[in-house]
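> What follows is a single structure, and I will ask about it in a moment.
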Amino acid sequence: MSKKLKVIYVCENCGHHELKWVGKCPACNEWGTLQEEVEGETAQELAPLSSFQQPQVLNQVKVDASIRTSTGIREFDHLLGGGIVAGSVSLLVGDPGIGKSTLSLITAGNVAQSRIVLYVSGEESAEQTKIRADRLGNFPDNLYVISETNLDFIQQHIQELHPRLIIVDSIQAVFLSHLRSTPGSPSQIKESTLFLTKIAKQTNIPVILVGQVTKESLLAGPRVLEHLVDTVIYLEGDRNHSLRVARVVKNRYGSTEEVALFEMTARGFEEVSNPSEYLLENRSEMVPGSIIVGTARGTRPIFTEIQALVTETPEGIPPRQIAIGVDRNRLLLVTAVLQRWIGERLSNKNIFVSIAGGIESDDPALDLGIAASLLSSIRGLTFHSKIFWVGELTLSGEVRPTPELPRLLNEGGRLGFNECVLSGKALKKNKPVSEMKLYEIDHLRSILKLLPAISRQEK
């Protein structure tokens, strides 16, 4: 007599199990995340990922240069550490409409210039994918498109075509037929990812999975999904701006500090090879509250403009602190330090801080620049147009040096800046850049003595 299957409810956010449905998950406190599943159903036993091998001396293992495949997009290759590794599984996630499918299709077309690529669309028909492809340009005949969600059929197509790259859009849409749960459920997402990972490791074919996100911009599905794949890439951007930023939060074959920048155009993605010039090209005349900051993302220096506005709060209305592109907790920290060590009363004022261009950053190197922009707005000061700021603030008001300072100074000189405000301790470890005037401050209070030399009072 077959064992009766038992229905349970699994949180799609954290994987918590409940015997009865509840509106709020008791583990992660999220509402409406419990999905019905059947306890006892198991995925097919995964075959061994490789044949039996003898242990090897690590220093004697040979790595072929062709183990990485170029995506044909320099920014994307730079982000991945040199290209897509053979047999790897990458997860590309982002908000709806941010450009995940467009970036995936462009990558597929570039790789298909010399190799067979299979693009699996679980959310669009082949005709709809062709309409999008026509907008992006011409694609080679090595690119095959299939509108399918059943992984058993997808596996048959892989065995027939022998592609050198597989793209699945999206992992929430595909399913395994022997599982009773619906597509997009935690068990389906997990087992489907394991199924595709088995194919990637056995055939040495790289797989790119496109994933959806929740309303909090977190990966939809069980959290174990990020542990199953080799690389996790987040594609971000402001819908009101054309800039798109891809960042790696996990990479088994490269750094997780790099970012790639793209501009969304009518013909798809255009690479932004020089982010600083792109972010500063529309900069207008310096005004109170506007300053330039230098920050490093991985090996790449990025210069951008921070704008601040401080206004009086009407009586009876609580003051607001709004941060766009800047971590709000960091803004609150900087305002507290500014109030304590400079003496500016900010508890009764509305504070608005924004990074121009649509980019987001939580780099501590922005601290000194945020403080300077707030002070500039409060006192009506306009800083020199050729000066930039680099430095991290502590709660005691101390200005600390930031990593990659020599690269930031060199990039600032290349962009035409000739003045920089930074931590005095930074110059003890780094050689000053010639023809650039450096203003050293060790404590935030020192900025008051520096203001007459680097700013002018607006009437």
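> Would you check which residues across segment 142-180 are surrounded by 19 or more Cβ atoms within 10 Å (Cβ to Cβ), among the aliphatic types (A, V, I, L, M) and more than 15 Å from Val89 (Cβ to Cβ) and list them?
Leu143, Val145, Ala173, Leu179
> In segment 17-38, what residues are out of contact with any Cys (no Cβ under 7 Å at 6 or more places or on another chain) and under 12 Å from Pro186 (Cβ atoms)?
Within segment 17-38, His17, Gln35, Glu36, Glu37 qualify.
> Next question. So which strands (runs of 3 or more DSSP E) are wholly in segment 354-449 and hold at least 2 residues that are free of Cβ contacts under 8 Å to residues at least 24 places away in the same chain and either surrounded by fewer than 17 Cβ atoms within 10 Å (Cβ to Cβ) or acidic (Asp, Glu) (or both)? Full working, then the answer.
Working: elements: 381-383, 387-389, 419-423, 437-441.
Passing ranges, in order: 437-441.
> Same structure, new question: Restricted to segment 192-214, and to residues that are closer than 11 Å to Gly94 by Cα and of a type outside the set (A, V, I, L, M), which residue is modelled with the lowest pLDDT?
Applying the first criterion (closer than 11 Å to Gly94 by Cα) to segment 192-214 yields 210-214.
Then drop every residue that is not of a type outside the set (A, V, I, L, M), which leaves 211-212, 214.
Details: Gly211: 90, Gln212: 81, Thr214: 67.
Across segment 192-214, the extreme among qualifying residues is Thr214.
> Tell me whether segment 103-111 contains one or more residues that are assigned to a loop (DSSP other than H, G, I, E, B) and outside the structural domain of Arg297 (by TED's automatic domain parsing).
Quick first cut of segment 103-111, residues assigned to a loop (DSSP other than H, G, I, E, B) only: none.
Within segment 103-111, not a single residue is assigned to a loop (DSSP other than H, G, I, E, B) and outside the structural domain of Arg297 (by TED's automatic domain parsing).
> Residues to consider are Ile167, Ile146; find the one that is in contact (Cβ under 8 Å) with a residue 60 or more places away in the chain and outside the structural domain of Glu18 (by TED's automatic domain parsing).
Values: Ile146 fails: in contact (Cβ under 8 Å) with a residue 60 or more places away in the chain.
Of Ile167, Ile146, the one residue that is in contact (Cβ under 8 Å) with a residue 60 or more places away in the chain and outside the structural domain of Glu18 (by TED's automatic domain parsing) is Ile167.
> What single numbered condition from (1) of a type in the set (A, V, I, L, M); (2) at pLDDT below 95; (3) part of a strand (DSSP E or B); (4) crowded, with 16+ Cβ neighbours inside 10 Å fails to hold for Val38?
(4)
> May I pose another question? For Ala296, indicate whether it is outside any strand (DSSP E or B), of a type in the set (Gly, Ala, Ser) and either within 26 Å of Arg445 (Cα to Cα) or modelled with pLDDT of 85 or more (or both). Before the answer, list the steps.
On the way: outside any strand (DSSP E or B): no; of a type in the set (Gly, Ala, Ser): yes; either within 26 Å of Arg445 (Cα to Cα) or modelled with pLDDT of 85 or more (or both): yes.
Against the criterion (outside any strand (DSSP E or B), of a type in the set (Gly, Ala, Ser) and either within 26 Å of Arg445 (Cα to Cα) or modelled with pLDDT of 85 or more (or both)), Ala296 does not qualify.
> Go through (1) under 22 Å from the mean Cα position of the chain (by Cα); (2) surrounded by 19 or more Cβ atoms within 10 Å (Cβ to Cβ) one by one and return the number of the condition Asn329 breaks.
Just one mismatch for Asn329, condition (2).
> Sticking with this one: Which of the residues spanning segment 56-102 are assigned to a helix (DSSP H, G or I), under 19 Å from Thr197 (Cβ atoms) and of a type in the set (Val, Ile, Thr)?
So in segment 56-102, the residues assigned to a helix (DSSP H, G or I) come out as 58-60, 65-67, 74-80, 100-102.
Add one more test, that the residue is under 19 Å from Thr197 (Cβ atoms), and what stays is 67, 80.
Matches in segment 56-102: Ile67 only.
The values are calculated or read from the model by the stated rules, or taken from the named source; none is laboratory data. None of these values were measured; they are calculated from a predicted model. Every residue, glycine among them, receives a Cβ derived from its backbone with ideal geometry; neighbour counts consider all protein chains shown.
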